[in-house]
Every structure is written in structure tokens, then in C-alpha cells.
Amino acid sequence: MTHARMRRGGPPAGPPDGRFRPARRSKPGLADREGFLAWAMLLPSVVYIIALVGVPFLLAIAFAFSDVTTGDPSYDFVGFRNFEAIFDDRVFWRSLVNTVVFTVITMIFIVLLGKILANILVADFRGKWFVRFLVLLPWTTPVALSTISWLWFLDSIYSPVDWVLRQLGVIDTNVVWLGRPSAAMVSVIAVQVWRLTPLAAVIVMAGLVAIPRDIDEAARIDGAGFWRRMFEVTIPLTLPVIAVAGLFGAIMTFTDMTVSYVLTRGGPTHSTDVLASWAYFRGIEGGDVGQGAAIALFLFPILLAGAIAILRAVRRLESQ
């Protein structure tokens with residue numbers, strides 16, 4: 001009987017030598033290879049950064065050592081002549097100081113106001129969605145459009161800001177916000193703070209939400225009030241996130257020229273010119289592409305040093 005079944009079914013299924021051999025696995029496809037997928041996902045970002053950041057940066061370096069102008073695009077190497085020219089330019093040094101002052105003061109107010117707004121956004125109250133909408137509105141509005149609106153708010157004749165201040169008895173006559181050096185710088189800083197505070201608020205809000213509730217409840221049980229919990233629990237736990245918010249604000253302020261350009265065009269008497277706007281005026285409107293590129297290159301080392309300092313501080317805070 002057994003021999004008959006073996007004749008009908010043929011040879012046994014196992015190998016002739018009686019050893020078990022596992023089935024061969026098929027090679028994984030491209031969609032199953034993590035290394036390939038990682039590079040495939042990163043490739044669009046790498047191409048984007050190289051095309052929009054790397055190539056312009058290399059062109060700026062090349063133009064900074066040339067005599068290229070808008071009227072004569074031929075390339076001739078001139079060494080450090082453009083840098084010597086801008087070092088002798090008083091407006092360049094004025095723009096450099098304005099850039100540092102503009103960035104530092106704006107970053108301080110962005111961090112402070114962003115922390116306050118973040119506490120409001122995480123609070124539970126009626127109409128919270130509408131408050132969040134108003135807070136995020138400055139960030140979602142195009143910067144050029146919002147800055148043009150501020151031109152009307154700060155108008156020397158029809159300014160509603162002046163009208164409110166007159167009704168409150170703060171001022172007697174209209175203030176020439178954009179016509180005086182000190183008032184113009186205050187106006188540019190105020191508009192930049194108003195524009196970037198929502199971004200800082202959202203970043204800090206993410207840090208506040210990530211704080212375990214057990215820590216806050218334990219502080220409440222121990223009898224800690226609002227301010228004590230704020231300075232001993234909330235702020236220490238969110239310091240890395242606050243530093244990141246300040247870093248984003250510093251980067252976007254240091255490299256921004258839109259607010260200064262639209263509001264004052266660097267005036268009066270270059271009192272609100274920053275490095276980005278002065279590089280544009282010299283390189284594009286002035287036609288000296290070489291000097292404009294040399295001015296713009298000063299943005300990179302200063303910004304890199306500031307970013308490294310902030311990131312090191314964040315790393316130290318996270319390791320504590």
C-alpha cells in the first residue's frame with residue numbers, strides 16, 4: 001500500500017539527501033529598502049537647498065571678487081577691491097550697527113511676547129479659537145501687504161495710532177513716525193515684532209503642551225502660585241524651545257529687508273538701513289553687483305556665529 005502511494009505520488013517532497021533546505025527569499029524591492037527610501041525622501045530637499053541657497057551663495061562669492069555691474073556683466077577678477085570700498089563706506093558701518101540693534105531688540109520682544117501669547121493660546125476659555133485666529137493673522141498675512149497697511153497706520157497726517165494717542169492725552173500733535181531717525185527705527189522694530197511674534201508663540205506653545213501635567217499638579221499641591229510655577233517649572237522646562245523660537249526670530253530678522261524697504265526705504269538718512277537693504281540698494285538699484293555681493297556676504301559669518309552660539313546654549317540646556 002505504501003509503495004503504491006509512493007509510485008502514484010512520485011518522489012518524496014524533501015531533498016534527496018534528507019536535509020531541510022529553507023526556501024529562498026526574494027530580494028527586497030526598492031520600496032522595502034530603508035536606505036534607498038531615506039535618500040529618495042531627502043533628495044527633493046537637497047536639490048531645493050542647492051538650487052536656492054547653494055548656487056546663489058557661490059555666485060555671491062564669485063561676484064564679490066569681481067567688477068560685475070548691471071551695465072557690464074563681463075567678469076573680471078579684482079581681488080579684495082570691493083571689500084576695501086565698503087570698509088571705507090560709512091553707510092555700510094551704519095547698516096551693520098542697525099542690523100545688530102534691529103535683530104537684538106526684535107528678538108528680545110519676540111521671545112517675551114511669544115511666551116505671553118503662548119500661555120494665552122494654551123489656556124482654556126470661551127472664544128479661544130477666535131483669539132488664536134487673531135494671533136496667527138499677522139504671520140499668515142504676506143509681509144509686503146501687511147507692511148503697506150502699516151504705512152497707513154503710521155502716516156504723519158491720517159494715522160489712527162496718533163488719533164488714539166491724542167484721545168488718551170499721550171500726545172498733542174501727530175508724530176512723524178517715519179520721518180525721524182529714532183521714531184523710524186522704533187516703527188520698523190514694532191512692525192517686525194508684530195509680524196514674527198505669532199511664530200514664536202506657536203513654537204513656545206508646542207513646548208508648553210509637552211510639559212507633563214504631573215509636574216504642574218505637583219507644584220500646585222506644594223502650594224506654588226502662578227509666578228512661582230512660571231519661573232521654577234514652566235520657564236526652565238521650556239527654555240530650549242524658547243531659545244529655538246529666538247533663533248528663528250533672529251534669522252528671519254537679520255536677513256529681512258522687506259519691512260525696512262517698504263516702510264522707510266532705509267531712511268531718513270540711512271537710519272533704518274540694514275545690511276540686506278543696503279546690499280540691494282548698492283547691487284541692484286545702484287548697479288554695482290560686486291559691492292552688493294560683498295555687503296551681502298557679511299550676513300553669513302555673523303548669522304552663522306549667532307546660530308552656533310544659540311544652538312550650543314540649547315544643547316547645554318537640554319543636557320542639564
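The values are calculated or read from the model by the stated rules, or taken from the named source; none is laboratory data. Everything quoted here is computed from the prediction, not taken from an experiment. A quick note on method: Cβ atoms are made from the backbone with ideal geometry, for glycine too, and the neighbour counts reach across all protein chains shown. Ligands, DNA and RNA are stripped out before the accessible areas are found, and what is left, the full protein with its side chains, is counted by its heavy atoms. Shrake-Rupley method; radii C 1.70, N 1.55, O 1.52, S 1.80 Å.
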Taking just the C-alpha trace of the range 130-263, give me its Rg and Dmax in Å. 19.3, 56
Cut-off of 10 Å, at most 11 other beta carbons, DSSP loop: longest stretch of the chain lacking such trypsin sites (Lys or Arg not before Pro): 127-320
How do ASP155, ASP172, ASP214, ASP72 stack up against each other in accessible area, from largest to smallest, with a 1.4 angstrom probe? ASP172, ASP214, ASP72, ASP155
Leaving out ligands, DNA and RNA but keeping every protein chain, what accessible area does ILE61 have, in Å² rounded to the nearest 10, with a 1.4 Å probe? 60
Along the range 221-238, Karplus-curve 3J(HN,Hα) (6.51, -1.76, 1.60; θ = phi - 60°) to the nearest Hz, with x for Gly and Pro, reads 5, 6, x, 6, x, 4, 5, 5, 5, 5, 8, 10, 10, 5, 5, x, 6, 10
Find which of TRP150, THR258, VAL202 sits farthest along the positive direction of the dipole of the range 91-319, computed with +1 on the beta-carbon of Lys and Arg, -1 on that of Asp and Glu, about the Cα centre. VAL202
Name the long-range amide H neighbours of ASP67: under 5 Å, sequence gap of 5 or more, or other chain; modelled H, no Pro or chain starts. ASP76, VAL78
Tabulate in residue order the Karplus-calculated ³J(HN,Hα) for the range 268-284, using 6.51 cos²θ - 1.76 cosθ + 1.60 with θ = phi - 60°, rounded to whole Hz; enter x for Gly and Pro. x, 6, 6, 6, 10, 5, 10, 4, 5, 6, 5, 5, 5, 5, 6, x, 9
At PHE125 and ASP222, where each label point lies 7 Å from the Cα along Cα→Cβ, what is the point-to-point distance in nanometres? 2.8
Give the relative contact order (percent, whole number) for the range 91-319; include only Cα pairs under 8 Å separated by 6+ residues. 30
Express in nm, to one decimal, how much length is gained between PHE133 and TRP93 on full extension, taking 0.36 nm for each residue of separation and deducting their alpha carbon distance. 10.4 nm
Only helical DSSP H runs with n ≥ 4 go in: add -39500 (n - 2.57) per run for the chain, normalise by residue count and round the 222 nm mean residue ellipticity to 500 deg cm²/dmol. -21000 deg cm²/dmol
Once the mean 1/r over all distinct Cα pairs of the chain is inverted, what Kirkwood radius in angstroms do you read off? 24.7
Please list 63-70, 292-299 highest first by mean number of surrounding beta-carbon atoms within 10 Å per residue. 292-299, 63-70
Of the residues LEU58, LEU117, LEU154, which exhibits the maximal mean-square fluctuation in a Gaussian network model of the chain defined by a 10 Å Cα contact cut-off? LEU58
